[in-house]
Amino acid sequence: MSFPHIRSPRDSTSLQGLYALQGRSMPSEIFNIYIQTNSFSLNQQYWIQKLSGGPLFKVRIDSIKLIELPEPIASAVLSIDSDRAAFQKLKLYAGNNSTDALAAGAIENDESVNRRFKVIASLS
């Protein structure tokens, strides 16, 4: 079982530019989410939760970038992510509301695909 890697991004001018283009000020809580899957839908509501449990927090998807990985690299990237598991503090969920999201379970990486998405999300 492998979960998407979620971390806080480094402060950068590209993030400031992203939010300026959207006419928004820089959110206080921003997350980079790296997920290996065939597709990532904008037609769903996403939520994050601490690994230790507790409430789910709704996140807004601000940007998505698809990264096509060559086959040997795809499995290596998942291996690197699993090495970072000790630092992983959040899980990602999808659902219309927090109850549906919890019932569906946390999103996991699909180890059989070579498509990886870098998603920038912020608390909504």
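The values are calculated or read from the model by the stated rules, or taken from the named source; none is laboratory data. None of these values were measured; they are calculated from a predicted model. Glycine also receives a Cβ, built like all others from the backbone with ideal geometry; neighbour counts cover every protein chain displayed. With ligands, DNA and RNA removed, areas are computed over all heavy atoms of the protein, side chains included. Shrake-Rupley method; radii C 1.70, N 1.55, O 1.52, S 1.80 Å.
Structure values in brief
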quantity	calculated
Flag for THR37 being within 30 Å of GLU71 (Cβ to Cβ) and open to solvent by 20 Å² or more (accessible area, probe 1.4 Å)	yes
Close pairs from region 93-108: first within 15 Å of GLY54 (Cα to Cα), partner in a helix (DSSP H, G or I) and not acidic (Asp, Glu), Cβ under 7 Å, at least 6 apart	TYR93/ALA101; TYR93/LEU102; TYR93/ALA104
Subset tally (residues that are open to solvent by 60 Å² or more (accessible area, probe 1.4 Å), in a loop (DSSP other than H, G, I, E, B) and either at pLDDT below 70 or under 19 Å from LEU42 (Cα atoms) (or both)) for region 66-102	2
All positions within region 15-45 that are aromatic (Phe, Trp, Tyr) and more than 21 Å from SER98 (Cα to Cα)	TYR19, TYR34
